[in-house]
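Comments concern the structure below.
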Amino acid sequence: MKAEKGADLPQTRSAGGALTGPVEDYLKAIYALGRGTDAVATNDIAQRLVVAPASVSGMVRRLADQGLLSYERYRGVKLTDKGRRAALRTLRRHRVIEAYLSIALEYPWDRVHAEAERLEHAASDELVDRMAAAIGEPEVDPHGAPIPSRDGMVDETEYFPLSELAAGLGVRVVRVSDEDAEMLRYLGELAITPGAELLIVSKAPFDGPVTLRIGTVLQSIGLALAARVMVEPLVDLEAPAH
């Protein structure tokens, strides 16, 4: 049987009128890539979602028709207010589920992201609100990412990648990338987790490792890994005088 034109594109809404999982994934990806407000290239969306650029172009047109995003040729895709609200609802479900799995069910932090990816489209907003209430309404997920509120408010403070700060500076870990479970296990072993206070002892030239003091222990990590750890500087944690 000959396939209908556009049949390879996922549906945008379920039978009940709610946005489908693939659509929520698109909106969440565009929000993450554009930090909520910036324009995003379709090729970047394709790379993040691991889909063909042609599929992204087709979905972008459909979502623009529904008022979820705007598209300008050569400038990229931006979420509309409607699309931003939908993206934040999905992010809230994802991050509350992560927090619930970690706090209530004691899942390790390297396993909650994959579970939340599977559950975020199926859980109702009511269930997610009850989960949040059961664990004390956390403001961040286990990796330090802010949890959007029920009314769509979220802390969008930007922090510094550990890789960009100078030696001799004390920092507090705020957030780490959550998509690589092996990386999270390694960071956990090093005690580089949200809330940890570190001292940047030295940075080797030519993209060499970053040496940190974590408590009383010295530990070196690669620059690529340091780039995935977001921190805020501390004024009360400095290198010891020689």
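The values are calculated or read from the model by the stated rules, or taken from the named source; none is laboratory data. Just so you know, these numbers come straight off a predicted model, no measurement behind them. Positions of Cβ are generated from backbone atoms using ideal geometry, with glycine treated the same way; all protein chains shown enter the neighbour counts.
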Quick check: anything in the stretch 41-48 crowded, with 18+ Cβ neighbours inside 10 Å, under 27 Å from Leu127 (Cβ atoms) and touching a strand residue (DSSP E or B) at 6+ places or on another chain (Cβ under 8 Å)?
no
Go through the stretch 158-212 and count every residue that is charged (D, E, K, R) and in contact with a Pro (Cβ under 7 Å, 6 or more places away or on another chain).
1
Residue satisfying condition, being over 18 Å from the mean Cα position of the chain (by Cα) and either touching a residue at least 40 places away in the same chain (Cβ under 8 Å) or outside the structural domain of Leu198 (by TED's automatic domain parsing) (or both), within set Gly168, Gly152:
Gly168
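Each row is one residue, and each column tells you yes or no for (1) under 22 Å from the mean Cα position of the chain (by Cα); (2) of a type outside the set (S, T, N, Q); (3) modelled with pLDDT of 95 or more.
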residue: Ser14; (1), (2), (3): no, no, no
residue: Thr20; (1), (2), (3): yes, no, no
residue: Ile30; (1), (2), (3): yes, yes, yes
residue: Gly34; (1), (2), (3): yes, yes, no
residue: Ala46; (1), (2), (3): yes, yes, yes
residue: Ser55; (1), (2), (3): no, no, no
residue: Arg61; (1), (2), (3): no, yes, no
residue: Tyr71; (1), (2), (3): no, yes, no
Under the condition of being more than 23 Å from Asp151 (Cα to Cα) and surrounded by fewer than 19 Cβ atoms within 10 Å (Cβ to Cβ), which residue from the stretch 108-129 is farthest from the chain's Cα centre (by Cα)?
Pro108
Filter pass, Glu232 being on the phi < 0 side of the Ramachandran plot and assigned to a helix (DSSP H, G or I):
no
Could you tell me which of the residues Asp151, Asp155 is touching a strand residue (DSSP E or B) at 6+ places or on another chain (Cβ under 7 Å) and acidic (Asp, Glu)?
Asp155
Residues satisfying the stated conditions in the stretch 142-178, i.e. among the acidic types (Asp, Glu), closer than 14 Å to Met230 by Cα and assigned to a loop (DSSP other than H, G, I, E, B):
Glu156, Glu158, Asp178
Per the filter on the stretch 141-171, residues within 15 Å of Arg89 (Cα to Cα) and touching a helix residue (DSSP H, G or I) at 6+ places or on another chain (Cβ under 9 Å) are Asp141, Ala145, Pro146, Ile147, Pro148, Ser149, Arg150, Gly152, Met153, Val154
Selected residue (criterion: surrounded by the most Cβ atoms within 10 Å (Cβ to Cβ)) from residues of the stretch 58-78 that are in contact with a Phe, Trp or Tyr (Cβ under 9 Å, 6 or more places away or on another chain) and either assigned to a helix (DSSP H, G or I) or of a type in the set (Gly, Ala, Ser) (or both)
Leu63
Hey, can you tell me all the residues within the stretch 29-57 that are part of a loop (DSSP other than H, G, I, E, B) and touching a residue at least 40 places away in the same chain (Cβ under 8 Å)?
Arg35, Gly36, Thr37, Asp38
